[in-house]
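Below is one structure, written out as structure tokens, with a few remarks after it.
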Amino acid sequence: MVERISKLKEYICDRKHHVYRQPAIENAEALAMDWKQQGFSNMQRAVRRFTWMTRNEQAVVLPLQKLAFIRTVPDLPLLFTRAEMQVLYNNYSVLELGRVYNVTGDYGRIIKEGLLGRKRAAAARMRVAGSAASREFLEAVGECIDAILVLCGNYAMRADASGFADFSYILRHAVANGATTLREALQIVRVMHFALWCAGHGDNALGRVDQYLLPYYEADRERGVANDDVIELMQEFFLSTQYDADLYPRDRRSQTITLGGKTVSGRSGYNDLTLLCLLAALDLQLPTLSITLRVADNMPGELYDLAASFTEVGMPVPQFASDNVIIPGLAEYGYAVSDARDYAIGASSSIVIPDKSHDITVSGVVSMPKIVLDVVSQDIEKCRNFPMLLNIIVKEIKGRLLQLVKQQRKPFFEPAPVLSILMGDCIEQGRDFVGAAGYANSAICIGGVGAAADALAAIRQTVYLDQRISWKELLRALENNFIGFESIRQLLLNAPKTGNDDDFADDMLKFILQSFSDGIRGLLNERGGVFRPGFDMANLALTAPLGATADGRFKNEPIDMHYTPNTAAMRAGIRAAAVSFAKPELTGMALGGPFVLPVPPIMRADEIAQLVKLFFSLGGHQIAVAVDEMVYIG
């Protein structure tokens, strides 16, 4: 890491740039009340809020910077009064205050065309716009582009005053007309990423940076720019995403980038910039930078080892995602193959399609430990054999899914004129991204799969096969939280468990995921899209206490809702865990949420790389490595 980047990192981590922060808004509702009184439409309000934000932002250019834009306005005014919001809550499903979130824009086009190119497209569409709504939207886009350009002009004046002529040129001309160099391209991305946050769009992932930045990297290389200089620029770009990170919810402070994988045409997407991005991130050691490396058949082996080596410097290992599983999985749920090939990773490890998808990350969560507990408590006495118990669980999974779908209400979203600049052909169609997205699907997540499979395996072994526990004894033990039933608890604990490459337990894993995948298929949401499956990444399924369970767990003892084994039950080592959790058919489940592989701190990078390769060779979909001191290597 060069000295400039080291000093800039220290400056940001010490939050010295916070000195430029303005006081918090005293009344976040004041502007909304005024807009309501004046009778402004929702679209007009969205424009006025954004222009208020950009007008009040103060241009800050630091001596160490080559890429500008730092938030100085810490709050976003409300678009609606609290009374109006209550009406919306009463009639719609309102997530994130109604703001569009978990999206990735088409940064490639804005880098190439510049903001004026997008404004010309809006003007051309305006000449043939047939409806008032279309004209209002296109006018809003034009006003938002003008607001961004004015703010860039303010930054350029600040750069001039500081003697940074090259900085000033980029801010005045490249952002408006398009980039020719990597630095210009990165500045445009930073400006638009900044603008999206100022418009209220959370979780706006940066997408496939090594793909859309590649032409500008190659142009720089032809001019003689060294790779070391490219790494320095990429490191500053990664740092720039952290200037404002503390202004966003804690679980959104990581900025997500996706590297590698197949191109839209199906060719290899690995290039020199893929490697340089990993090298830049590894050297920078920024924990809040979230990287996913897409894995295709032709991925260079050195990328596995390099990504896995992050753990050796105390950094989170990048996630890995298998194109061989995820692309067919997306196609199964109606995504065009070309779009599926272009997937990126968004919030909570969800799958997003850049510039096309407006998918809701979590529309509901099915807690499998709760389903198993409920069925055992209510129905086990009716089940003369284990297949009868499984049949009831299949029906219960379907019933819970239908219940979640029935509870869905039509979602409400604020207009998104700034986001629409980056998304699909919204401008060419004269339609706001809200309502014009190519995909409007919703995810229902499954949680606690490992724990539920362990419980079923224990019941099958102890109650039905060995008959060492009667169903009455099991129910009494669970009802009493195993107090006075420790011998029964020990039998349950010692039964086969997932994560040990034991087909007896792993068959339950396969059964649960197949039942969930079959149950969700064909269900439609309120926007005309489909419900797609995913794995719970936020432990959302444990919002209510859960009684003692048949895997030997005590009442209210935490359950890891991720797709992961119980580390305390991993008796055969890490390799066996990877094998176990690759056994289910994951194509139908590969739409968000990785297998979380726990590894000990002493594990070498090459060993981690081999485990990742093993998981994918057996049909695994997505994997995240989590360091856990309690894990046995095996």
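The values are calculated or read from the model by the stated rules, or taken from the named source; none is laboratory data. Please read these numbers as outputs of a predicted model, since none were measured by experiment. Backbone-built Cβ (ideal geometry, glycine too); neighbour counts: all protein chains shown. Ligands, DNA and RNA are excluded from the accessible area calculation, which covers all protein heavy atoms including side chains. Shrake-Rupley method; radii C 1.70, N 1.55, O 1.52, S 1.80 Å.
Counting other Cβ atoms within 10 Å, which trypsin sites (Lys or Arg not before Pro) in the stretch 461-562 have at most 13 and lie in a DSSP loop? Within the stretch 461-562, the qualifying trypsin sites (Lys or Arg not before Pro) (loop, at most 13 other Cβ atoms within 10 Å) are Arg468.
For the stretch 143-302, the per residue solvent-accessible surface stands at 34 Å², with DNA, RNA and ligands left out and a 1.4 Å probe.
Counting only protein heavy atoms and a 1.4 Å probe, tell me what percentage of the stretch 187-321's accessible area is made up of carbon and sulfur. Carbon-and-sulfur percentage of accessible area, whole number: 47. The residues neighbouring Ile70, those whose beta-carbon lies less than 13 Å from its own, together hold a net charge of +2 under the Lys/Arg +1, Asp/Glu -1 convention.
For the chain, adding -39500 (n - 2.57) for each run of n ≥ 4 DSSP H residues and dividing by the number of residues yields -14000 deg cm²/dmol at 222 nm. Please compute the net charge surrounding Arg532, taking Lys and Arg as +1 and Asp and Glu as -1 over other residues with Cβ under 10 Å from its Cβ. Here the charged neighbours net out to -1. The spacing between the stretch 571-605 and the stretch 17-48, judged by their C-alpha centroids, is 47 Å. The C-alpha atoms of the chain define a longest principal axis, and helix 368-379 lies at about 30 degrees to it. Surface listing: Asp374, Asp14 arranged by accessible area from highest to lowest gives Asp14, Asp374, probe 1.4 Å. Protein heavy-atom accessible surface, 1.4 Å probe, per residue over the stretch 394-553: 39 Å².
Taking every protein chain into account, the 1.4 Å probe leaves Thr263 with about 30 Å² of accessible area, to the nearest ten. Toward the positive end of the charge dipole of the stretch 188-305, about the Cα centre and with charges on Cβ (Lys, Arg +1; Asp, Glu -1), which of Ala195, Leu279, Phe238 goes farthest? Of the candidates, Ala195 comes out farthest on the positive side. Near the amide H of Val295, within less than 5 Å, lie the amide hydrogens of Ala321, Ser322, Asp323, all on another chain or at least 5 residues away, with H placed in the peptide plane.
Return the distance in nm (one decimal) between the two label points of a simple spin-label model at Ile602 and Asp160, each offset 7 Å from Cα along Cα→Cβ. Taking the two extended label points, one gets 6.4 nm. For Ala626, the amide hydrogen comes within under 5 Å of the amide hydrogens of Leu597, Val599, counting only partners 5 or more places away or on other chains and with H modelled in the peptide plane.
Placing pseudo-labels 7 Å out from each Cα toward the beta carbon at Lys395 and Trp471 gives an inter-label distance of 1.3 nm.
Please determine, in degrees from 0 to 90 and to the nearest 10, the orientation of helix 182-198 with respect to the longest principal axis defined by the Cα atoms of the chain, where the helix direction is its Cα long axis. Roughly 70 degrees between the two axes.
For the pair Asn91 and Asp379, the difference between a 0.36 nm per residue extended length and the Cα-Cα distance amounts to 100.0 nm. The magnitude of the dipole of the chain, with charges of +1 and -1 set on the Cβ of Lys/Arg and Asp/Glu and taken from the Cα centre, is near 1460 debye. Excluding the site residues themselves, the longest part of the chain lacking any GluC sites (Glu not before Pro) in a DSSP loop with at most 10 other Cβ atoms within 10 Å is 27-628. Rolling a 1.4 Å probe over the protein heavy atoms of the stretch 25-91, with every protein chain left in place, gives an accessible area that is 48 percent carbon and sulfur.
Axis angle, to the nearest 10 degrees, between helix 132-161 and the longest C-alpha principal axis of the chain: 70 degrees.
Just the protein heavy atoms count here, and of the accessible area of the stretch 395-437 at 1.4 Å, carbon and sulfur take up 48 percent.
Note that the stretch 458-463 has calculated 3J(HN,Hα) couplings of 5, 5, 4, 5, 8, 8 Hz, one per residue in order, obtained from phi through the Karplus relation 6.51 cos²θ - 1.76 cosθ + 1.60 (θ = phi - 60°); glycine and proline are x.
For Tyr333, what is the net charge nearby, where nearby means another residue's Cβ is under 14 Å from its Cβ and Lys, Arg count +1, Asp, Glu -1? Computed value for this residue: -1.
As a calculated quantity, the FRET efficiency between Glu302 and Lys16 at R0 = 51 Å, using C-beta atoms, amounts to about 0.85. Taking amide H as placed 1.01 Å from N in the peptide plane, Gly207 has its amide H under 5 Å from the amide H of Thr258, each at least 5 places away in sequence or on another chain. Between Ala132 and Gln429, the distance separating the two model label sites (each 7 Å from Cα on the Cα→Cβ line) works out to 2.3 nm. Qualifying trypsin sites (Lys or Arg not before Pro) in the stretch 193-247, where qualification requires a DSSP coil assignment and no more than 13 other C-beta atoms within 10 Å, comprise Arg223.
Here the 3J(HN,Hα) profile of the stretch 490-507, calculated from phi with Karplus coefficients 6.51, -1.76 and 1.60 at θ = phi - 60°, is 5, 4, 5, 5, 8, 6, x, 10, 5, x, 10, 6, 10, 4, 4, 7, 5, 4 Hz, Gly and Pro shown as x.
Please pull out the direction-averaged projected area of the chain, using the convex hull of its alpha-carbon atoms, in nm² to one decimal place. The number I arrive at for the chain is 28.9 nm². Converting phi to 3J(HN,Hα) with the Karplus coefficients 6.51, -1.76 and 1.60 and the offset θ = phi - 60°, the stretch 403-420 yields 5, 5, 5, 4, 6, 5, 10, 4, x, 10, 10, 5, x, 9, x, 5, 4, 5 Hz in sequence order, with x at every glycine or proline. Loop-resident trypsin sites (Lys or Arg not before Pro) (DSSP state other than H, G, I, E or B) in the stretch 358-454 with no more than 15 further Cβ atoms inside 10 Å of their Cβ: Arg384, Arg409.
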